[in-house]
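The values are calculated or read from the model by the stated rules, or taken from the named source; none is laboratory data. No experiment lies behind these values; they were computed from the predicted model shown. Note that each Cβ is placed from the backbone with ideal geometry, even for glycine, and that neighbours are counted across all protein chains shown. Ligands, DNA and RNA are excluded from the accessible area calculation, which covers all protein heavy atoms including side chains. Shrake-Rupley method; radii C 1.70, N 1.55, O 1.52, S 1.80 Å.
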Amino acid sequence: MRLPENKRNVPSLFTCLDGTQVTTAKEWQEKRRPEILEMLRREEYGRLPDMSDVKVEMRVVAERQGGPMLDPRELRKTVEVEAVRKDRHFIFCFEVFIPRNAGKPVPAFIEICNRGTMLCDPAREHPSQFYPVEAIIERGYACAAFRTQEVAPDYEEGFHTGFHRLFPEYTQNRPDDAWGTISAWAWAASRVMDYFETDPMIDDKHVAVVGHSRGGKTALWCGAQDERIALAVSSCSGNSGDAISRGKSGESIRQILTRFPFWFAKNYQKHADHEEEMPFDQHMLVAMMAPRLVYSSTRSLDAWADPESEFESLVQASPVYELFGKEGLESWDMPYAEVPLHKGSIGFHKHSGEHDMEDYDWHRYMDFADRHWK
């Protein structure tokens, strides 16, 4: 197994908390991976509360094909998810677009839409490169998007609304390891996956979850927890996403917590300005996708996210894939813009421009999926 130079002095992926060394895929899956997952739940993103008394139901409430706003090749379904706990109800919806005449179940993408309805318009009156349904369908994939604001507000509101309202006991006395908004959004993405498992038109063994910026952080965290996800795609997720925190330029942990403390567990605050002492770093989040696929895209001018730190995270995570007899990142040297790396199980590209996700990025995600799934 090759090990890259540890340029940032990140914690070892292969040294367990008790000091033992991981040398096999079995040891990774049964010992090291679970303790990393627990550490990230406790120290960074927070853990979900006990869900044993939460009843979740899903129902298709509308179905359309063709018409003035839809390509006749598309079938659109609106799915309603209702979660009930005691006397409290919470509902969010998402739309599924499926190629009509595929002849067999098709792979699918779940879009975590953090930019509002206009950029993931279910009626397709406002097509957007941020969520290019028409291009996705044309290439033979199904897709679904949910709007993060419908699941949990993207502002500090004391965890009184959205999904959080099911647990009023947390609003006044919030444990330091309790879930933040990113974990709530990740929970919602997994509910879309639940639906995909029930739809005979979807190939539920080949599902990707995709997000940009805060949505990219969520996509990686969803994929780390939900092993049904075959591919996690992160666009410009930067700090607390796919970027190594040690030695990072651009946004720091302190800066992200100053603006968005509600995204994370309270425990994360103690690591602000103490990155070098953390028992974890973001290469661990990437590595938890092994042996499944993971993809990171970045932008050449996105200094706040820090492309070099994002790429370094992928490099450091790559050796875990070798435990499974797979190649991680095909090259440990960052490529030029518009030169994607697709050969290994970790994909990457850098696109010219500023913080965004558009058609170019989506087509590279689908190129990567084509290569590994078809």
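Here are the numbers for this structure:
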read-out	value
Residue-normalised accessible area of the chain, expressed per residue, 1.4 Å probe, Å²	39 Å²
Karplus 3J(HN,Hα) series, Hz, for region 278-291 with 6.51 cos²θ - 1.76 cosθ + 1.60 (x for Gly, Pro)	5, x, 9, 7, 6, 4, 5, 4, 4, 5, 5, 6, 4, x
Spherically averaged projected area in nm², based on the convex hull that wraps the Cα atoms of the chain	17.7 nm²
Candidate aspartates and glutamates - alpha carbon under 15 Å from Lys31, same-chain residues fewer than 8 apart omitted	Asp18
Nearby lysines by direct alpha-carbon distance to Lys104 (threshold 18 angstrom, same-chain neighbours under 8 apart not counted)	Lys77, Lys205, Lys374
Relative contact order [Cα under 8 Å, 6+ residues apart], region 106-259, whole percent	23 percent
Percent accessible area from carbon and sulfur atoms, region 1-149, protein chains only, probe 1.4 Å	50 percent
Cα Rg over Rh - region 10-86, Kirkwood	1.28
Rounded FRET efficiency, nearest 0.05, which uses the C-beta distance separating His160 from Glu57 and R0 of 30 Å	0.80
³J(HN,Hα) computed for each position of region 294-303 - Karplus, 6.51 cos²θ - 1.76 cosθ + 1.60, integer Hz, glycine/proline x	9, 9, 10, 10, 9, 10, 4, 9, 8, 5
For Ala243, distant residues with modelled amide H under 5 Å away	Gly238
Loop sites in region 1-61: trypsin sites (Lys or Arg not before Pro), DSSP, at most 16 other Cβ within 10 Å	Arg2, Lys7
Karplus-derived HN-Hα couplings along region 167-175 (A = 6.51, B = -1.76, C = 1.60, θ = phi - 60°), whole Hz, x at Gly and Pro	10, x, 5, 8, 6, 9, 10, 8, x
Cut-off under 5 Å, modelled amide H: who pairs with Ser300 long-range	His351, Ser352, Gly353
